[in-house]
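A.B. asks: This is the structure I want to talk about, given as structure tokens.
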Amino acid sequence: MFHLTDLEVVDALTLAHKRGVDVKVILDRKSLENTKFNKAFEMLNKSEVPVRASGQAFTITHEKSVRLNNSWVIS
């Protein structure tokens, strides 16, 4: 995710994780340098949702994907 700033999305990811859904989040490394954008990272981490920054080779990425019932949805 490039910039995850919508707290409703963060809440939905957290609730899904608490329901047992396998949720993993990778956030844009470069955007996490800005405190405006790292709130989602902090909230997910506090809720024990697996979240990490993108790798050094992909500091800016805009790819989004969701895996539902063993099928990938990529936009």
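A.B. asks: Could you compute how fast segment 1-46 diffuses translationally, taking Rh as the Kirkwood radius over C-alpha pairs and applying Stokes-Einstein at 20 °C with viscosity 1.002 mPa s? Give it in µm² per second.
C.D. replies: Once the numbers are plugged in, D ends up at 198 µm²/s.
A.B. asks: Further question: Kindly write out, for segment 5-19 in residue order, the coupling ³J(HN,Hα) from the Karplus curve 6.51 cos²θ - 1.76 cosθ + 1.60 (θ = phi - 60°), rounded to whole Hz, with x marking Gly and Pro.
C.D. replies: 10, 7, 5, 5, 5, 4, 4, 5, 5, 5, 5, 4, 4, 5, 7
A.B. asks: Right, something else. What are the ³J(HN,Hα) values, in whole Hz, obtained from phi via the Karplus relation 6.51 cos²θ - 1.76 cosθ + 1.60 with θ = phi - 60°, for each residue of segment 40-57 in sequence order, with x given for Gly and Pro?
C.D. replies: So the Karplus estimates, Gly and Pro as x, are 4, 4, 4, 5, 5, 4, 4, 8, 6, 7, x, 9, 8, 7, 4, x, 4, 6 Hz.
A.B. asks: Scan around VAL25 for amide H atoms under 5 Å from its own, H built in the peptide plane at 1.01 Å from N, and keep only partners 5 or more places away or cross-chain.
C.D. replies: The answer is VAL51, ARG52.
Every read-out reported here was derived from the displayed coordinates using simple, explicitly stated rules and does not represent laboratory data. As the structure is a prediction and not an experimental result, all values here were calculated from the model.
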